Amino acid sequence: MAKNKSDQHGFVYSTNPDFKFEQDAGNQETLPPAQQRLRIQLETKHRGGKTASVILGFAGTDEDLQDLAKKLKSFCGTGGNAKDGEIIIQGDHRDKLLQWFQKNGYTQVKKSGG
């Protein structure tokens with residue numbers, strides 16, 4: 001009897017002999033800049049009182065996400081991180097980020113938050 005390996009969703013074992021784990025779409029196609037629907041918002045929760053600009057809604061591969069984050073961090077001259085489909089830039093750089101996105105062909109970007 002073949003054993004099922006656990007997946008990333010927490011399933012470890014199934015009593016169904018025909019059960020197969022669904023494979024995640026690891027090779028997700030990155031949308032072109034004009035089709036990306038991004039939101040820029042300001043967050044302070046869970047950051048020790050420090051502010052951070054968070055870009056949400058990126059659709060694409062992790063490599064492209066990391067590359068975009070590197071460009072944004074360099075443009076803003078600050079640190080940050082990219083994981084789980086979101087980019088975190090340290091500090092309140094919402095206006096600066098919005099200008100960068102518009103200049104580089106990202107037409108569906110919205111700024112939210114106070």
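For the range 23-33, a tally of residues being at pLDDT 65 or above and assigned to a loop (DSSP other than H, G, I, E, B) returns 5.
Filtered by the rule that a residue be open to solvent by 30 Å² or more (accessible area, probe 1.4 Å), more than 15 Å from residue 104 (Cα to Cα), of a type outside the set (Asp, Glu) and outside any loop (DSSP other than H, G, I, E, B), the range 34-55 gives 39, 41, 42.
Residue count for the range 84-99, restricted to those that are open to solvent by 30 Å² or more (accessible area, probe 1.4 Å) and either among the hydroxyl-bearing types (Ser, Thr, Tyr) or more than 11 Å from residue 58 (Cβ to Cβ) (or both): 7. Restricting the range 74-83 to residues that are part of a helix (DSSP H, G or I) and open to solvent by 60 Å² or more (accessible area, probe 1.4 Å) leaves a set whose member that is nearest to residue 108 (Cα to Cα) is 75.
Within the range 56-73, restricting attention to residues that are in contact with a strand residue (DSSP E or B) (Cβ under 7 Å, 6 or more places away or on another chain) and of a type in the set (Gly, Ala, Ser), the residue that is least open to solvent (accessible area, probe 1.4 Å) is 69. When residue 87 is tested against the conditions (1) in a strand (DSSP E or B); (2) at pLDDT below 90, the lone failure is (2).
The values are calculated or read from the model by the stated rules, or taken from the named source; none is laboratory data. Fair warning: this is a prediction, and the values are worked out from it, not measured in the lab. Note that each Cβ is placed from the backbone with ideal geometry, even for glycine, and that neighbours are counted across all protein chains shown. Note: areas computed on protein heavy atoms with side chains; ligands, DNA, RNA excluded. Shrake-Rupley method; radii C 1.70, N 1.55, O 1.52, S 1.80 Å.
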